[in-house]
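The values are calculated or read from the model by the stated rules, or taken from the named source; none is laboratory data. Please read these numbers as outputs of a predicted model, since none were measured by experiment. Here Cβ is always computed from backbone atoms with ideal geometry, including for glycine, and neighbour counts include all displayed protein chains. For accessibility, only protein heavy atoms count, side chains too; no ligands or nucleic acids. Shrake-Rupley method; radii C 1.70, N 1.55, O 1.52, S 1.80 Å.
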There are 2 protein chains.
Amino acid sequence: MKVAIIGAGNVATHLVKGLREAGIDIPLVYSRTPASAQILAGQVPGAQATDTTDFRILPTAQVYLLAIPDGALPKLVENAVFPAGAVVAHTSGAQPMELLASLAVVETGVFYPVQTFSKEKELDWSRIPICVEGASPKAEEALLTLGKVLSEQVVLMNGRARKQLHVAAVFACNFTNHLWGVAQELLQKAELPVNLLEPLVLETVQKAFQFPPFTVQTGPARRGDTNTLQAHLQLLQTQPPYQHLYQVLTESIQRVAENEPFFGKQA
Amino acid sequence: MKVAIIGAGNVATHLVKGLREAGIDIPLVYSRTPASAQILAGQVPGAQATDTTDFRILPTAQVYLLAIPDGALPKLVENAVFPAGAVVAHTSGAQPMELLASLAVVETGVFYPVQTFSKEKELDWSRIPICVEGASPKAEEALLTLGKVLSEQVVLMNGRARKQLHVAAVFACNFTNHLWGVAQELLQKAELPVNLLEPLVLETVQKAFQFPPFTVQTGPARRGDTNTLQAHLQLLQTQPPYQHLYQVLTESIQRVAENEPFFGKQA
């Protein structure tokens, strides 16, 4: 199978690396920035770099993976012309497959790897879940096959479910990362080493995937420890935005504790 | 050095295990529930179990570690009588050392391991930071020595700093655990496998300890991706508490992004 990579950013770079290691042929790398296309294509013997969006006149592929920012997708869809019968899939968790519907004479789909990518950080593709959707059986089959080449966990998923997964990911990753930033800022203000919380955070993550997180919730909010809650809120008085966050998250923990009967079981 | 363990819960159980493996003598395990004291003392050859709080008439130790719930500390302090000159330290992140001030003829301190403990879960004490405070040089020295027996990271820390560490830990662990619970609930409602986000969460954690979390913040809030934010809020319309959380955390991310000059550097 030949796969063309449309994009030269973080996701595209990791796709190229993973597909090459899996022995997939990559004849073409596109970027609207020629230099970026050349750098990434330079990592693949025989791959052509291009900034042209008429893909009919370039080395062709069976599958075109669009690994560009969400905001750049509409313009690419407007301008690009793909060879007839090719499978064209975007890699976004947030965008509907229907965004590609106006592309003529191709089969469309979604190929969404549930991961955060940085160029400089190695990743193990076999452990990255890939969510696949196809507008036709042909597209679905091609993307499933491609997914299984990379990963041990390939899931067929429609756009509605993918959107819900994406919201859940925002809670599980974007929001938690923000809270680690807040924690780090609080440690720095207290002139404490920022790695002090690392073992505790890692243990908390491990637990959260071994047990339902709500059942292993700990802390003053969960215990209803009013004295500690008051002391913490007072300590945060000089940082009203963080005090507000503390209050809202405390209330959320207490609301869940009141509504979930299993909560009584845990100390 | 002889160390008596006051308590028989999660922290006490791990302390007994860690101290025994380090070759420390444990002559005594106290619990107000005799059966619990016996179970834990049963793991230590030669240790006596007790529910008596006159520790002068029991096998004595140089250090008494109070590993009982915060709420149970005042009553123990009120009732307990320790042998003259013993070092008595509580293990709480939230309580001041001064809570022990009314104990007569002993040296007081704090011995706070920065970790979350469950009896059934193995832990590597060498990687658990221990925060030590002593009301006297003798208490400080004894607790520092004991800390270094268990852990590679022993930090002298006064009560004010410990309180700030504790608030930071609430953000970094209790609040993030809650958000993983929310994410899991959203996945379950969408009938999606709950392990789908595990690789993404682990990668996010790793990044957060490699780089300052605010500088590697991603997601629609960070990007100012209004379309996705609106779509997510709409999707959460049937769960107003989670919609509210989403809104508050989004605003917090955006506030930080506006105020932190380094933010412009990251995509």
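The modelled label-to-label distance for the pair B:Arg255/B:Asn227, using points 7 Å beyond Cα in the direction of Cβ, is 2.9 nm. Computed from Cα atoms, the angle from the helix A:176-189 axis to the main principal axis of chain A rounds to 50 degrees. With N the number of residues in segment A:1-57, Rg(Cα) / (2.2 N^0.38 Å) evaluates to 0.99.
Oblate is the label for segment A:67-157, because the ratio a/c of its alpha-carbon gyration tensor axes (a ≥ b ≥ c) is 1.5 or higher and a/b is not greater than b/c.
What is the angle, in °, between the Cα long axis of helix A:226-235 and the longest principal axis of the Cα atoms in chain A? Nearest 10 is fine, range 0 to 90. Helix A:226-235 sits roughly 70 degrees off the main axis of chain A. Comment: the Cα-to-Cβ extended label point of A:His244, at 7 Å, lies 1.4 nm from its counterparts in the other copies, nearest first. When the solvent-accessible area of the protein assembly as shown is split by element, carbon and sulfur atoms take up 49 percent of it, the probe being 1.4 Å. The charge dipole of segment A:123-267, taken about its Cα centre with unit charges on the Cβ atoms of Lys, Arg (+1), Asp and Glu (-1) only, comes to about 280 debye. The spread of Cα positions in segment B:38-78, taken along each principal axis and listed from longest to shortest, comes to 30, 21, 17 Å. Between A:Leu156 and A:Glu191, full extension at 0.36 nm per residue minus the direct alpha carbon distance yields a gain of 7.8 nm. Sorted from shortest to longest, the distances between the A:Ala72 label points of this copy and the other copies are 5.9 nm, with each point 7 Å from Cα along the line through the beta carbon.
Between the alpha-carbon centres of segment A:38-66 and segment A:153-192 there is a gap of 33 Å. For segment B:38-48, putting each phi into the Karplus relation 6.51 cos²θ - 1.76 cosθ + 1.60 with θ = phi - 60° gives couplings of 5, 4, 6, 4, x, 7, 10, x, x, 7, 9 Hz, in residue order, rounded to whole numbers and with x for Gly and Pro. Partner shielding of A:129-137 amounts to 1, given as the average count of beta-carbon atoms from other chains within 10 Å of each residue beta-carbon.
Among residues other than B:Ala94 with Cβ under 12 Å from its Cβ, the summed charge is +1 (Lys and Arg +1, Asp and Glu -1). Just the Kirkwood number for chain B, please: inverse of mean 1/r across all distinct Cα pairs, in Å, one decimal. For chain B, the Kirkwood estimate is 21.3 Å. When the listed pairs A:Lys2/A:Lys75; A:Lys207/B:Lys207; A:Lys121/B:Lys17; A:Lys17/B:Lys121 are checked against a 26 Å cut-off, the alpha-carbon distance exceeds it for A:Lys121/B:Lys17; A:Lys17/B:Lys121.
Compute the long axis of helix B:159-169 from its Cα atoms, compare it with the longest principal axis of the Cα atoms of chain B, and write down the angle in degrees, 0 to 90, nearest 10. Result, in degrees: 40. Counted over all Cα-Cα pairs of the protein assembly as shown, pairs farther apart than 38 Å make up 39 percent. Within the shell defined by Cβ-Cβ distances under 14 Å, the residues around B:Ser136 carry a net charge of -4, with Lys and Arg each +1 and Asp and Glu each -1.
For chain B, the dipole from Cβ point charges (+1 on Lys and Arg, -1 on Asp and Glu) about the Cα centre works out to 120 debye, to the nearest 20.
With the Cα gyration tensor of segment A:3-157 giving a ≥ b ≥ c as the square roots of its eigenvalues, does the rule (a/c under 1.5 for rounded; else a/b larger than b/c for prolate; else oblate) give rounded, prolate or oblate? It comes out rounded by the Cα gyration axes.
Placing a label point 7 Å from Cα along the Cα-to-Cβ axis, B:Glu120 is separated from the same position in the other copies by 4.2 nm, shortest listed first.
Under the rule of at least 5 residues apart or a separate chain, name every residue whose amide H is placed under 5 Å from the amide H of A:Cys131. For A:Cys131, the qualifying residues are A:Tyr112, A:Val114, A:Val155. Under the simplified labelling scheme, the B:Met1-A:Asp25 pair shows an inter-label distance of 6.8 nm, with each label point 7 Å from Cα along Cα→Cβ.
The alpha carbons of segment B:166-240 stretch over 34, 27, 25 Å along the principal axes, in descending order. Near A:Ser151, once Lys and Arg are set to +1 and Asp and Glu to -1 for all other residues with Cβ below 11 Å from its Cβ, the sum equals 0.
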